[in-house]
Amino acid sequence: MYATEEALRHKPGFGQTLREWIFTIDHKRIGILYLIGSLAAFAVAGLMALLIRIELGSLGPTLTSNPGTYNVWLYFHGAAMILAFQIPALTGFLANYLVPLMIGARDMAFPRLNALSLWLYWAGIILALLTFVIPDPPDVMWTGYPPYSLKTGGNTAFYVFTVHLMGFSSIVGGINLLTTIFYMRAPGLKLNKLNIFVWSTMGAFVLQLVFIPVLAAAVTTLLFDKYLGTHFYDPANGGDVLLYQNLFWFYSHPAVYVILLPTIGMIFDIVATFAKNRVFNYNMVVYGGIGGVVLMSGEVWIHHLFTSGMPDWIRIGMMISTLLISIPVGLLMIGLLGTLYRGAIQYTTPMLYAVGFIFLFLIGGLTGIPNAMTAIDLYIHDTHFVVAHFHYVMAVATTFAIFGSVYYLFPKMTGRMYSETLGKIGFFILFAGVNITFFTMFIVGFKGMPRRYYDYQQFPQLEGLHHIITIGAYIIGIAALLILISWIHGLIAGKKAPDNPWGSKSLEWTTSTPPPPGNFRELPILTEEWHPYGYGRSK
Amino acid sequence: MNEAFAYAERGAPGQIPDVPGGWDHLFGEMLIDITIIGILFTVITVYLLIRYRRREQGQEGNPPRLTTAAAIGWAIIPAFIFMADDFYLAAEGWTLFNEYRRVPENAYEVKVEGSMWSWHFIYPEGVESFGELRVPAGTPVVVRMTSKDVVHSFFIPDFRVKQDMMPGRMTYLWFYPKAPGEHLITCAEYCGLMHSGMKGMIKVVSQDEFNNWIETEKKNNNT
Amino acid sequence: MNEYAVEHEISGHEPHWETSPWPLVLSMAMLFVFPFAFSLYFVYGKPIMAILSLGIGIPLTVLSVAGWISEGVGQTREPGYSVKAMPFFIVAEAFIFVAFFVGYWVMRLSASSWPPAGTPEIALTVPIIMTIVLVSSSFTIHLSEQKMEHGDRGGFLMWLIVTIILGTLFLGLSMNEYSHLFAEGFNFKTNAYSTAFFSITGFHASHVFVGIAMFICILIPALMGKMSKSFVKSASMYWHFVDIIWFFVVTQVYFWS
Ligand code: HEA
Ligand code: HEA
Ligand code: CUA
Ligand SMILES: [Cu+2]
């Protein structure tokens, strides 16, 4: 028993509170600081998206007459959304906040290293934001292909170091998390009783650990080539420009599964909680779904290089392996639907986001199929069709999952309830907005509009469609504001939350709300019957 | 220069596959395929969402107990169904891809060099042009390309073809202009400031007109 | 299984929020040491500002590492897991080397002649001596670890110091070789081989440097009587890894030509 209720009730002063937050080595606070960083990145990168949309909303120069400015916006938008918003929100915020709670540990294995990965991430955010103040900002897009990234007058070094900081942060975080999951589970918590989220986070970090180093090497060689004069990517001296593309996508394709896995794991947890149901066919989901995605994600990267001049046989091979990824992902979908089967579904805001995820991920995932078919990709590659595909999976589906998880964990994190009405209004507006925006984008892409275009004089007939997309983007913006308002409202005016508002069986809800330092007053003792999804046994 | 991948086998004479038509056909087929899958999953989801909504406070799910056989079946059977569909799509895609890559026997060969931000065409007769590619109607054209500076991508939306061009390597694509007309070429790989302005035209003219043009250009070059 | 938790329970800590400023300071120092200094020097051509940036960053780095060690070592909980975590780190590191080697192989195998023009004769005796030095340092760190296990503090310290000296000797040999090559006009810019040669050997040398830094971070607290067995073991595991990578470097970069 903790003898010091008093110590907790004693209110610390502002200075102490601040110190206890920014110097914290507690995984929950670190998780929340990750969340703040990633939402800030989302807001700024989202505003860039709005600028991009306004620029494309009508033909000719609209906001700026300098294409270079547009390129910097787009660079920031892509790089920040992936590196500073999605990956940290999933593997930083959610993994940090939830995993130790879910496995009944008091903290991560290395609390200080955990803080290090948080602040390295923030250093990366600072570096990325400096894009807007330095002279010659980077304009290499989030892919940074040479030789353009070597020839440009922009500051490629900032791109490289941003990737380094984020990557190093992820590796440190990954080592920490894997150690935690492997060695710090509460006594009696067997592997077949882990939450799906824990499994999927494990999968995601295995991918991070294996593939980030390759990305780090790729961008480092870029730095060497540009500033030290080496010849990795200089064909005149024995280098090869395709080498970079291969190394880059060797990481960046698995990165999309680093995003997908924790997302879908979280969706499983939300769905199980609100359907009050067991996860359908747990072993299939874990070994077939998550395991399958982890195993297959490393051998499909050429599907980003279908038009780039790789040998034909490898394009065909990777077309097939890419198509086969639909098998494990399909098993995950079946697991989700099976979890609804004979459940008792309760429609709270997080559950709405989870349901939205299912529909929108279907659209996004299934439109990955045409991309994957080499011959079809020869036309739609680098058009807005691809842009629409990845916005459906990332900007829409996973972002829904992230917002849903924030609502889901809101009571636990803040000790207060959000307003269901506000939350649901935000959800429906967002749902409408994303579909208007990104579905139209498929049509624009199908008509041949290439991406990364500042202007489209050659496609004047597409102006109307672009206009619709821009309007959709405004709607998304309004929805994002509403969602933010609903969180602030919850923080200030929300009702006090009980320890387990959702009636979940999972460990993170058994501790008090918000959890104390050290997470559990007494470490949970797990009985034989206990299961995080052990619903419906009693009846 | 690495030309190992640049030269594919030439197809049999006489038959010129209709690549854009094949593309449209395959895209349609694939669209039907994924729409069916999408609708199937959507309908099931909607049904489950309505059928199993919570009816009373505190109600819990009543999950089925899967026997080992059922659990394995639920993994294996869908996996095989998905795999079958994947292989079907892969086979179709492979066939079309082969047509993309097998250059017809009698193709007319033009060299293209991309540079920031224009295209430079070199005809076998030694004639050169910038931005505008003139080709005779009724003859397949194979474009062999490379780049002077950064990666560009040679994209002709009307013919459903696209291929990157990069320094130090030779790549190719081919297309079949059947009738006189104009077709847009536009750059599809980010290449800096004027990426969106890097466009060109393919002018398809009749064979006679084309021959005349070549002749005059040759003379112009000589003087 | 759950040592930390159990320990925590027994020692009956107050439930307060634990803090440490050092991770934050270290991360911000990294900003000055790498991106700022590099960009100021190479991108914007302002060497004075770059030195200034290093002048802020390096002291902060040293300070935060020192602070971190003084906080961390002696606490049993944190390093308890470092032996278990080190394999994960080694996997990550190994893949960076894999990427560099792949880059090298691609250039090597697509080249028409090798080594390309402009490559001087690279003496093969030096790498053999370096190999001997590094392999023996692997033995000495192993000895040091064993002495630690047997509670022989003096022996532990001695072999640790010997290891540090051997590591430094290795770096010295490497620097010496570089300066000879530079003198012959063989540097990063020369050709494809120099690109691979300097990046791979340089990258490996930086790992040796990190290893030595780790040993120093063990040595100083150990001299003051604080140490963590788990940290020693993981540092030695890292050192063996660096040693193994060196075999690849030697065979691929020096002898395969
Ligand atoms: C979260 C991120 C995410 C996810 C999950 C995916 C998932 C998939 N992606 Fe996507 N993709 C991106 C993010 C993502 N992608 C990004 C960011 C880019 C562009 C990067 C850039 O260029 O800037 C991209 C680009 C991209 C390309 C390159 C296009 C190009 O540049 O030309 C391709 C090509 O194959 C592709 C394919 C796929 C496939 C096959 C899947 C599959 O995993 C989808 C599997 C899911 C389903 C298929 C649906 C559910 C399954 C069933 C219902 C079972 C039954 C289905 C069948 C049998 C078909 N993606
Ligand atoms: C997770 C990733 C993610 C997300 C969420 C988004 C979100 C959006 N994206 Fe983005 N996008 C990418 C990832 C993402 N994108 C990537 C990787 C690229 C490729 C880059 C490249 O080519 O290199 C790209 C490229 C890209 C393009 C292609 C441009 C081109 O090729 O020329 C376009 C064009 O329309 C676009 C639009 C949008 C829009 C309208 C949104 C909207 O959904 C955004 C809406 C958000 C807002 C309007 C923010 C409003 C916020 C507030 C009001 C504050 C509220 C705050 C909180 C809730 C915290 N994006
Ligand atoms: Cu040339 Cu884009
Ligand atoms: Cu991919």
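When you look at A:Ala375, is it within 9 Å of ligand 1 (Cβ to nearest atom), in a helix (DSSP H, G or I) and surrounded by 24 or more Cβ atoms within 10 Å (Cβ to Cβ), yes or no?
The answer is no for A:Ala375.
Scanning segment C:180-215 for residues that are at pLDDT 90 or above, open to solvent by 20 Å² or more (accessible area, probe 1.4 Å) and either part of a loop (DSSP other than H, G, I, E, B) or among the polar types (S, T, N, Q) (or both) turns up just one, C:Ser206. All conditions but one from (1) touching a Pro at 6+ places or on another chain (Cβ under 9 Å); (2) outside any helix (DSSP H, G or I) apply to A:Leu295; the one that does not is (2). Residues in segment A:273-284 that are within 9 Å of chain B (Cβ to nearest Cβ) and part of a helix (DSSP H, G or I): A:Phe274, A:Ala275, A:Tyr282, A:Asn283, A:Met284. Scanning segment B:48-63 for residues that are surrounded by 13 or more Cβ atoms within 10 Å (Cβ to Cβ) and assigned to a helix (DSSP H, G or I) returns B:Leu48, B:Leu49. All told, A:Leu366 meets the bar of being within 16 Å of ligand 4 (Cβ to nearest atom), within 13 Å of another protein chain (Cβ to nearest Cβ) and free of Cβ contacts under 8 Å to residues at least 24 places away in the same chain.
Residue-wise test of (1) open to solvent by 10 Å² or more (accessible area, probe 1.4 Å); (2) more than 14 Å from chain A (Cβ to nearest Cβ); (3) within 16 Å of ligand 2 (Cβ to nearest atom).
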{"residue": "B:Phe130", "(1), (2), (3)": "yes, yes, no"}
{"residue": "B:Arg160", "(1), (2), (3)": "yes, no, no"}
{"residue": "B:Pro167", "(1), (2), (3)": "yes, no, no"}
{"residue": "B:Lys178", "(1), (2), (3)": "yes, yes, no"}
{"residue": "B:His183", "(1), (2), (3)": "yes, no, no"}
{"residue": "B:Gly192", "(1), (2), (3)": "no, no, yes"}
{"residue": "B:Ile202", "(1), (2), (3)": "no, no, no"}
{"residue": "B:Phe210", "(1), (2), (3)": "no, yes, no"}
{"residue": "B:Lys218", "(1), (2), (3)": "yes, yes, no"}
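All of (1) surrounded by 24 or more Cβ atoms within 10 Å (Cβ to Cβ); (2) farther than 17 Å from B:Val46 by Cβ; (3) more than 15 Å from ligand 4 (Cβ to nearest atom) hold for A:Arg416 with one exception: (1). Would you check if A:Phe211 is facing chain C (nearest Cβ under 9 Å), within 25 Å of C:Val91 (Cα to Cα) and surrounded by fewer than 24 Cβ atoms within 10 Å (Cβ to Cβ)? Criteria not met by A:Phe211.
To keep it simple, each residue is scored yes or no on (1) more than 26 Å from the chain's Cα centre (by Cα); (2) open to solvent by 50 Å² or more (accessible area, probe 1.4 Å); (3) more than 13 Å from every other protein chain (Cβ to nearest Cβ).
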site: A:Glu420; (1), (2), (3): no, yes, yes
site: A:Gly426; (1), (2), (3): no, no, yes
site: A:Leu430; (1), (2), (3): no, no, yes
site: A:Gly433; (1), (2), (3): no, no, yes
site: A:Phe439; (1), (2), (3): no, yes, no
site: A:Pro450; (1), (2), (3): no, no, no
site: A:Tyr454; (1), (2), (3): yes, no, no
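From the list A:Glu528, A:Glu522, A:Glu463, A:Glu508, the one residue that fits, being open to solvent by 30 Å² or more (accessible area, probe 1.4 Å) and either hydroxyl-bearing (Ser, Thr, Tyr) or part of a helix (DSSP H, G or I) (or both), is A:Glu463. Considering B:Ile37, B:Ile44, B:Ile77, the condition of being open to solvent by 80 Å² or more (accessible area, probe 1.4 Å) and closer than 30 Å to A:Ser321 by Cβ is satisfied by B:Ile77 alone. Checked against the criterion of being assigned to a helix (DSSP H, G or I) and of a type outside the set (Ser, Thr, Tyr), the candidates A:Leu242, A:Leu189 yield just one match: A:Leu242.
Restricting segment A:18-27 to residues that are assigned to a helix (DSSP H, G or I) and surrounded by fewer than 23 Cβ atoms within 10 Å (Cβ to Cβ) leaves a set whose member that is farthest from the other protein chains (Cβ to nearest Cβ) is A:Leu18. Evaluating C:Phe248 against the criteria (1) open to solvent by 10 Å² or more (accessible area, probe 1.4 Å); (2) closer than 25 Å to C:Gly151 by Cα leaves one unmet condition, (2). Among the candidates B:Thr45, B:Thr139, the residue that is β-branched (Val, Ile, Thr), in contact with a helix residue (DSSP H, G or I) (Cβ under 9 Å, 6 or more places away or on another chain) and free of Cβ contacts under 8 Å to residues at least 12 places away in the same chain is uniquely B:Thr45. Just to be sure before I move on: is A:Gly335 in contact with a His (Cβ under 7 Å, 6 or more places away or on another chain), open to solvent by less than 20 Å² (accessible area, probe 1.4 Å) and not in a loop (DSSP other than H, G, I, E, B) in the structure I sent? So A:Gly335 fails the test. In segment C:15-43, the residues that are within 7 Å of chain A (Cβ to nearest Cβ) form Cβ pairs under 7 Å with partners that are part of a loop (DSSP other than H, G, I, E, B) and open to solvent by 20 Å² or more (accessible area, probe 1.4 Å), at six or more places apart or across chains, as follows: C:Pro15/A:Tyr2; C:Pro15/A:Thr4; C:Thr19/A:Phe23; C:Ser20/A:Phe23; C:Pro21/A:Phe23; C:Leu24/A:Phe23. Answer with yes or no whether A:Val279 is open to solvent by less than 10 Å² (accessible area, probe 1.4 Å) and either within 15 Å of ligand 1 (Cβ to nearest atom) or at negative phi (or both). Considered against the rule, which asks whether it is open to solvent by less than 10 Å² (accessible area, probe 1.4 Å) and either within 15 Å of ligand 1 (Cβ to nearest atom) or at negative phi (or both), A:Val279 comes out as no.
With respect to the conditions (1) touching a Leu at 6+ places or on another chain (Cβ under 9 Å); (2) within 14 Å of ligand 2 (Cβ to nearest atom), A:Met284 lacks only one, and its number is (2).
The set of residues in segment B:139-170 being within 16 Å of ligand 1 (Cβ to nearest atom), under 16 Å from the mean Cα position of the chain (by Cα) and closer than 16 Å to A:Gln245 by Cβ consists of B:His152, B:Ser153, B:Lys162, B:Gln163, B:Asp164.
Conditions (1) aromatic (Phe, Trp, Tyr); (2) without any contact (Cβ under 8 Å) to a residue 24 or more places away in the chain; (3) more than 7 Å from every other protein chain (Cβ to nearest Cβ); (4) out of contact with any Phe, Trp or Tyr (no Cβ under 8 Å at 6 or more places or on another chain), marked per residue:
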| position | (1), (2), (3), (4) |
| --- | --- |
| B:Tyr52 | yes, yes, no, no |
| B:Gln57 | no, yes, yes, yes |
| B:Ala70 | no, yes, yes, yes |
| B:Gly73 | no, yes, yes, yes |
| B:Arg102 | no, no, yes, yes |
| B:Ala107 | no, no, yes, no |
| B:Val112 | no, no, yes, no |
| B:Ser115 | no, no, yes, yes |
| B:Phe121 | yes, yes, yes, no |
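From the list A:Leu127, A:Leu83, A:Leu118, which residue is in contact with a helix residue (DSSP H, G or I) (Cβ under 9 Å, 6 or more places away or on another chain), within 16 Å of ligand 1 (Cβ to nearest atom) and modelled with pLDDT of 90 or more?
None of the others qualify; the one that does is A:Leu83.
The values are calculated or read from the model by the stated rules, or taken from the named source; none is laboratory data. For clarity, every value in this text was computed on a predicted model and none was experimentally measured. When we count neighbours, we look across all protein chains shown, and the Cβ atoms used for this are built from the backbone with ideal geometry, even at glycine. Protein only, heavy atoms only, side chains kept; ligands, DNA and RNA dropped before computing areas. Shrake-Rupley method; radii C 1.70, N 1.55, O 1.52, S 1.80 Å.
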